[in-house]
Amino acid sequence: MKALTLCKIQSCAYLFIIIFSLQHFFFREFNYGFDAYEGMVSGVVATSVLTVLVSLVVLIRQGIIFINRKNIRETEMKYLILNLVLYYGTLIASLCMSGEIRH
């Protein structure tokens, strides 16, 4: 898999988690009326925790590869910086949603 394709997939995963957590934050009282919503939130939290753990290793590896190349490609560096910013947004969203799970 090409590095740029992996960056795009990571960006999509980060954006999904961030957008879902924003939707959860603004509409949580309305959404808890649905029976399956609790399971969806638990599934997204599990996915976000897994994404955060795996992405840490992947981002470090991508950074080392991108920086150590003889010719640095601007698009790859832009995606690396974007993914670093989105990583921290995903981390914050994951922590906020994990505190919202009702048992």
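The modelled label-to-label distance for the pair residue 72/residue 6, using points 7 Å beyond Cα in the direction of Cβ, is 1.9 nm.
If DNA, RNA and ligands are ignored and the probe is 1.4 Å, what is the ranking of 28, 61 by accessible area, most exposed first?
Numbers: 28 60, 61 145 Å².
Most to least solvent-accessible, the answer reads 61, 28.
Per-residue Karplus couplings for the stretch 56-65, computed as 6.51 cos²θ - 1.76 cosθ + 1.60 with θ equal to phi - 60°, are listed in order as 4, 5, 5, 5, 5, 5, 5, x, 5, 5 Hz, Gly and Pro entered as x.
Taking chymotrypsin sites (Phe, Trp or Tyr not before Pro) in DSSP loop states with no more than 14 other Cβ atoms inside 10 Å as exposed sites, the chain has its longest site-free stretch at 35-103. Taking all protein chains together and a 1.4 Å probe, the residues 70, 2 rank 70, 2 from largest to smallest accessible area.
Computed from the C-alpha gyration tensor, the three semi-axes of the ellipsoid equivalent to the chain are 32, 11, 10 Å, from longest to shortest.
The values are calculated or read from the model by the stated rules, or taken from the named source; none is laboratory data. Predicted model, so just to flag it, every value in this text is computed and none were measured. Note: ideal-geometry Cβ built from the backbone for every residue, glycine included; neighbour counts use all protein chains shown. Accessible surface areas use protein heavy atoms only, side chains included; no ligands, DNA or RNA. Shrake-Rupley method; radii C 1.70, N 1.55, O 1.52, S 1.80 Å.
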